[in-house]
Amino acid sequence: MRVNYLRRARPLFLGLIFLLSICVSVPALAVRNPVFGYSVDLPIGWRDAESFDPYHLAFLSPNGDAMLQIIALDPGTAQDGVGIAEHMLADLSGEGESAPFDYLGYSAAITDVQFITADNQVRGYMITINGYEADLVLLCFALLESYDMAHDHLLSALDSFAMGDESALYPGPISHFFYPFPAPAGRSATIPFGRSDLSFLIDPGEVDAGQVLVDREARILSPYGALTRELFEAAWRRYFRVIYRESFMRLQPLAVQIAQRLEADRLPRVDYPAEILRWLQGFDYERTGGLSDFRAPLSCVAEGSGDCDSLALTYVILLHHLDFDAIAMVSDRYAHALAAVDVPGPGARFEFEDRQWLVAELTDDIELGRIAADIADPAGWIGVRMRLMLIAVEQ
């Protein structure tokens, strides 16, 4: 007999209305469920709602006017994501229309949902996934009067969900719904690399989807500049992590071709980072003119242009695909971004996580390990690790 975990959820719905005036300052909340293997990397300031049941986790937004709940149902609740959504709408006495989509081979659906809890009208999104070990329900909602302001946070929280460790390197469920992955309409593009060209499939819809995510996350990031330094740095790091995840597998085919080309050229493997750096330094420096000026990495490659942030992240992604450890470095003091690589060689190094990283300047034609003297103070830089250590939920 299937257990109705929604009945356990309702006390948490009730708790929402008592938390509206609470503001907290906490670092990143990245949580892994040890029973079902899924994880979330929530916007900065979101916090655990003290729900320690792995079958039902709940999280609150910084001011308590929005909530994410992740509910595990016995497998076979319904035949597909839409069926699970219909079942949940009936349990919630809610209203909403569901749209099916494929999420990493799982049948899934997204529902724009409204319902009443504790005499409060709420609105949000529900993602339902027809899983193997459990059917999963991701319910993220806000008080109706807060919905417009909370909208980006709701989408970002849902998009941070990953079914398992491997899927944390693939676009999230909101990104999958917005545009399928792998992209269905790739067009052949020629990209100059060294003395010859690389052939690469680029789907314009995929490029647009990446930029939509960048702009959404920039809107989320912007207010943190007025908060504490700890929150600001944590928000910057999450901003890069979210874009990294969206972009990582989209750049895999290009990374494979680059590796094949460098191997065919008999370039020593230790020199790969310097060669890829020289290639990206040849891109045009261009800012998008939007809130973040950040061009999504796939767009950066497609257009052969980008600013310091987008070029640095593109570089880090490509190096990770080639099994080099690399980080991004960002600085509000210098209004600049760099990358740094864990490889031997002479030059300036940045200490981060008890390691010394060789710096890489993407927007100037200088060698790996070189940095301009007027931006060389390590105290002016924030190191950004793209893959976050996850906290296991206590059982």
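Quick note: the coordinates plus some simple rules give every number you see, no bench work behind them. Since the model is a prediction, treat every value here as computed from it, not as a measurement. So basically every Cβ, Gly included, is an ideal-geometry build from the backbone, and we count neighbours across all protein chains shown.
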Once the dipole of segment 225-364 is set up from charges on Cβ (+1 Lys and Arg, -1 Asp and Glu), the residue from the list His336, Pro253, Tyr272 lying farthest towards its positive end is Pro253
Taking 0.36 nm per residue of separation between Asp112 and Asp374 and subtracting their Cα-Cα distance, the length gained on full extension comes to 89.3 nm
Asserting the computed 222 nm helical MRE of the chain (DSSP H runs at least 4 long, -39500 (n - 2.57) per run, divided by residue count, to nearest 500) equals -10000 deg cm²/dmol
Rounded to the nearest 10 degrees, the helix 308-321 long axis (Cα) sits at an angle to the longest Cα principal axis of the chain of 90 degrees
Quarter of the surface of the C-alpha convex hull for the chain, i.e. direction-averaged projected area in nm², equals 19.7 nm²
For the chain, the dipole about the Cα centre with charges only on Cβ (Lys and Arg +1, Asp and Glu -1), to the nearest 20 debye, works out at 340 debye
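Suppose the chain between Glu133 and Gln260 were pulled fully straight at 0.36 nm per residue; how much longer would it get relative to their current alpha carbon spacing?
Stretched fully, the Glu133-Gln260 segment lengthens by 41.9 nm.
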For the pair Glu351 and Arg387, the simple spin-label estimate (label points 7 Å beyond Cα toward Cβ) gives in nm 2.6 nm
Across the alpha-carbon set of segment 44-89, Rg over Rh with Rh taken as the Kirkwood radius works out to 1.09
Taking 0.36 nm per residue of separation between Asp365 and Ser199 and subtracting their Cα-Cα distance, the length gained on full extension comes to 57.3 nm
Given unit charges at Cβ for Lys, Arg (+) and Asp, Glu (-), the dipole magnitude of segment 6-178 about its Cα centre in debye, nearest 20, is 380 debye
Computed Rg/Rh for segment 6-178 (Cα atoms; Rh = Kirkwood radius) stands at 0.93
Percent antiparallel among DSSP beta bridges confined to the chain, nearest 5, equals 95 percent
Percent of all Cα-Cα pairs per 5 Å bin for segment 187-391, counting from 0 up to the last occupied bin, reads 1, 7, 16, 21, 21, 17, 10, 5, 1, 0, 0
